[in-house]
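Trainee: Once you've had a glance at the structure underneath, I'll fire off some questions.
None of the figures in this text is laboratory data; all of them are computed from the coordinates on show. Quick caveat: nothing in here was measured; it's all calculated off a predicted structure. Methodologically, a virtual Cβ is constructed for each residue, glycine included, from the backbone with ideal geometry; neighbour enumeration extends over all protein chains shown.
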Amino acid sequence: MDFKDLVKFMFPPGTLEYFDFEDIQVKEGTTPFGEVYTVHLVEKNILPELPPDKKDRELRFKGYQKTTLADFPLRGRKVFLSIRRRKWMIKGEPEVFMRELFIDEQGVRLSKDFAFFFETNH
């Protein structure tokens, strides 16, 4: 088992179906445990679902939208997720499309699996 295999246990099942693990940064922090972890994920190159009336149109990659989310602590250490999501445009139209991913639950970040953790551990 390599480091990337170990890191996947930090995420809800299926997370690495849509994201690739890029890197993890460890910095000194001010908590008793010290370190702060920032895990970097980038969305895989999978085309988003388009509305039925636009399914035949050509999509073009238009860069990334970067978001940093606070995650639940790992062994008392602060954890942040730095997520780069892909943006797409239909050729000849101004509208930007992104894959529909649920990374913004009310009061919690990333998914319903993470939200469940917080609801049961408050």
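Trainee: Scan segment 32-104 for chymotrypsin sites (Phe, Trp or Tyr not before Pro) in coil per DSSP, keeping those whose Cβ has at most 15 other Cβ atoms within 10 Å, and list them by number.
Mentor: Values: sites: Phe33, Tyr37, Phe61, Tyr64, Phe80, Trp88, Phe97, Phe102; in loops: Phe33, Phe102.
Sites meeting the loop and neighbour criteria: Phe33, Phe102.
Trainee: Net charge within 12 Å of Pro51 by Cβ-Cβ distance, Lys/Arg positive one each and Asp/Glu negative one each, not counting Pro51 itself? Let's see the in-between values first.
Mentor: Details: positive: Lys54, Lys55, Arg57; negative: Glu49, Asp53, Asp56, Glu93, Glu95, Glu100.
My count for the surroundings of Pro51 gives -3.
Trainee: Holding the Cα-Cα limit at 29 Å, pick out from Lys44/Lys78; Lys8/Lys54; Lys8/Lys55; Lys8/Lys91 the pairs that are longer than that. Intermediate results must be reported in sequence, preceding the final value.
Mentor: Numbers: Lys44/Lys78 26 Å; Lys8/Lys54 35 Å; Lys8/Lys55 33 Å; Lys8/Lys91 35 Å.
Those over the limit are Lys8/Lys54; Lys8/Lys55; Lys8/Lys91.
Trainee: Give a residue-ordered list of calculated ³J(HN,Hα) values for segment 80-90 (Karplus: 6.51 cos²θ - 1.76 cosθ + 1.60, θ = phi - 60°; whole Hz; x for Gly, Pro).
Mentor: 10, 10, 9, 10, 9, 9, 6, 10, 10, 10, 7
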